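A.B. asks: Quick one: structure below, then a few questions.
The values are calculated or read from the model by the stated rules, or taken from the named source; none is laboratory data. Given the structure is predicted, the values throughout are model-derived calculations rather than measurements. Ideal geometry is used to build each Cβ from the backbone, glycine not excepted, and the neighbour counts take in all protein chains shown.
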Amino acid sequence: MSAAELALWARVDGLSPRDVQSALWQERTLVKTWAMRGTLHLIAASDLPLYVAARSMHADRNWLKYFTYYGITPAQYEAFLAAVPQVLGSEPMTREQLAAALARHIGAPELRRLLLSSSWGSLWKPSALRGDLCFGPNQGRNVTFVRPGQWIGKWQSVEPHLALQEIARRYLRAYGPATPEDFARWWELRIVPARKLFQSIEDELEEVDVEGWRALALRTTLEPRQRLETPGAVRLLPLFDAYTLGLGRDLEPLLPRAYKRQVFRPQGWISAVVLVDGYMKGVWEYKIRRSPTIVKINMFSSPGASVRRGIEAEAERLGAFLNTKVALEYEDHSSTNSR
């Protein structure tokens, strides 16, 4: 959750953690759920039906095999999926409460133990991807689940193929130019369906050349992108940021190959990066102490004065967001500044 909050902080001036919590649990304009690649995301609540419909086009993961490995029969698995939206409502239920209720509902006591055995929550993902389950507000240290259609109050159904086409358009607006292979990796889709998807909207696409690399872009985005200037923008993006994750192609020159392992680390760990005009120029981390919070910057090469000023401004924004004083430390440089 801290990474998600910082991802929003990086893009919205004046935001506070309380704003994010309010959007999730009071206003319910954001929803926390498993989405692309079966990983946790915060998604606009109004967009959740679109994601669910698009996901229903290609259920690539064999969740039944996962359940049968733990002794759940195919019939029990289907009964489990059907029971989740019947048992869940708008009232949050802890994982323990929901597991017990589902086991009783389908008459399979062994299901309770299984549903509580995975600390990562993998067994809940099929229901989340079907739109039958999302996260509610924590009760102490316990996560809770709710039924999305009742929690967010509105559910506008979308035809699955049209939904997946719209997801592809949104991906290209955010990350294009890109290839079907890039989209397949981001959405967790097989290559052939991804290629057919791009072919289905080919009248909206145009092949472009980016320094010798050929990819596809939405025609409507070409003119605005050609007018873009590089203002020297510096941003501190957090761990697992959507920008870093979305760049599925060979990242050079956005990230030189020599530094790739500092960003994409073992076991799926994605570092927080220092972004300068879209280029990954370093990595960073912070440690909260009583005073001040230490922000360590490790640049891939010595930063110029304008980049340092940009980093200092970002650190000041971070301090305001975290409500703490921040001290900057350059790991490979001697300069230390407090903000």
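A.B. asks: Quick one: would you say ILE167 is of a type in the set (A, V, I, L, M) and surrounded by fewer than 18 Cβ atoms within 10 Å (Cβ to Cβ)?
C.D. replies: For ILE167, the condition - of a type in the set (A, V, I, L, M) and surrounded by fewer than 18 Cβ atoms within 10 Å (Cβ to Cβ) - is not met.
A.B. asks: Out of all the residues in segment 283-295, is one or more among the basic types (Lys, Arg), farther than 27 Å from ARG18 by Cα and surrounded by 11 or more Cβ atoms within 10 Å (Cβ to Cβ)?
C.D. replies: No, every residue in segment 283-295 fails to be among the basic types (Lys, Arg), farther than 27 Å from ARG18 by Cα and surrounded by 11 or more Cβ atoms within 10 Å (Cβ to Cβ).
A.B. asks: Among (1) under 30 Å from PRO180 (Cα atoms); (2) free of Cβ contacts under 8 Å to residues at least 40 places away in the same chain; (3) of a type in the set (D, E, K, R), which single condition is ASP277 missing?
C.D. replies: Of (1) under 30 Å from PRO180 (Cα atoms); (2) free of Cβ contacts under 8 Å to residues at least 40 places away in the same chain; (3) of a type in the set (D, E, K, R), only one is false for ASP277: (2).
A.B. asks: What pairs come out if I take residues in segment 8-23 that are not assigned by TED's automatic domain parsing to the domain that holds VAL274 and pair them with residues that are among the hydroxyl-bearing types (Ser, Thr, Tyr) and modelled with pLDDT of 95 or more whose C-beta lies under 8 Å away, six or more apart or interchain?
C.D. replies: Once the first residue is not assigned by TED's automatic domain parsing to the domain that holds VAL274 and sits in segment 8-23, its partners that are among the hydroxyl-bearing types (Ser, Thr, Tyr) and modelled with pLDDT of 95 or more give ALA23/THR29.
A.B. asks: Taking the condition in the same structural domain as PHE321 (by TED's automatic domain parsing), outside any loop (DSSP other than H, G, I, E, B) and surrounded by fewer than 19 Cβ atoms within 10 Å (Cβ to Cβ), does TYR243 pass? So that I can check it myself, show each step before the final result.
C.D. replies: Details: in the same structural domain as PHE321 (by TED's automatic domain parsing): yes; outside any loop (DSSP other than H, G, I, E, B): yes; surrounded by fewer than 19 Cβ atoms within 10 Å (Cβ to Cβ): yes.
It is true that TYR243 is in the same structural domain as PHE321 (by TED's automatic domain parsing), outside any loop (DSSP other than H, G, I, E, B) and surrounded by fewer than 19 Cβ atoms within 10 Å (Cβ to Cβ).
A.B. asks: Is it the case that some residue within segment 209-228 is modelled with pLDDT under 95, part of a loop (DSSP other than H, G, I, E, B), within 30 Å of ASP13 (Cα to Cα) and not small (Gly, Ala, Ser)?
C.D. replies: Looking through segment 209-228, at least one residue is modelled with pLDDT under 95, part of a loop (DSSP other than H, G, I, E, B), within 30 Å of ASP13 (Cα to Cα) and not small (Gly, Ala, Ser).
A.B. asks: Hey, another quick one. With LYS32, LYS65 as the choices, which residue is at pLDDT 95 or above, assigned by TED's automatic domain parsing to the domain that holds LEU115, of a type in the set (D, E, K, R) and not in a loop (DSSP other than H, G, I, E, B)? Walk me through it before giving the result.
C.D. replies: Numbers: LYS65 fails: at pLDDT 95 or above.
Selected residue: LYS32, the only one of LYS32, LYS65 that is at pLDDT 95 or above, assigned by TED's automatic domain parsing to the domain that holds LEU115, of a type in the set (D, E, K, R) and not in a loop (DSSP other than H, G, I, E, B).
A.B. asks: Is it fair to say ALA54 is buried (at least 17 other Cβ atoms within 10 Å of the Cβ), closer than 15 Å to PRO126 by Cβ, touching a helix residue (DSSP H, G or I) at 6+ places or on another chain (Cβ under 8 Å) and not acidic (Asp, Glu)? Working first, answer last.
C.D. replies: Values: buried (at least 17 other Cβ atoms within 10 Å of the Cβ): yes; closer than 15 Å to PRO126 by Cβ: no; touching a helix residue (DSSP H, G or I) at 6+ places or on another chain (Cβ under 8 Å): yes; not acidic (Asp, Glu): yes.
Considered against the rule, which asks whether it is buried (at least 17 other Cβ atoms within 10 Å of the Cβ), closer than 15 Å to PRO126 by Cβ, touching a helix residue (DSSP H, G or I) at 6+ places or on another chain (Cβ under 8 Å) and not acidic (Asp, Glu), ALA54 comes out as no.
A.B. asks: If you don't mind, there's one more thing I want to ask. Among residues belonging to segment 155-192 that are in contact with a Lys or Arg (Cβ under 7 Å, 6 or more places away or on another chain) and without any contact (Cβ under 8 Å) to a residue 40 or more places away in the chain, point out the one that is farthest from LEU30 (Cα to Cα).
C.D. replies: PRO180
A.B. asks: Listed residues ALA320, ALA233, ALA305; which is free of Cβ contacts under 8 Å to residues at least 24 places away in the same chain and surrounded by fewer than 14 Cβ atoms within 10 Å (Cβ to Cβ)?
C.D. replies: ALA305
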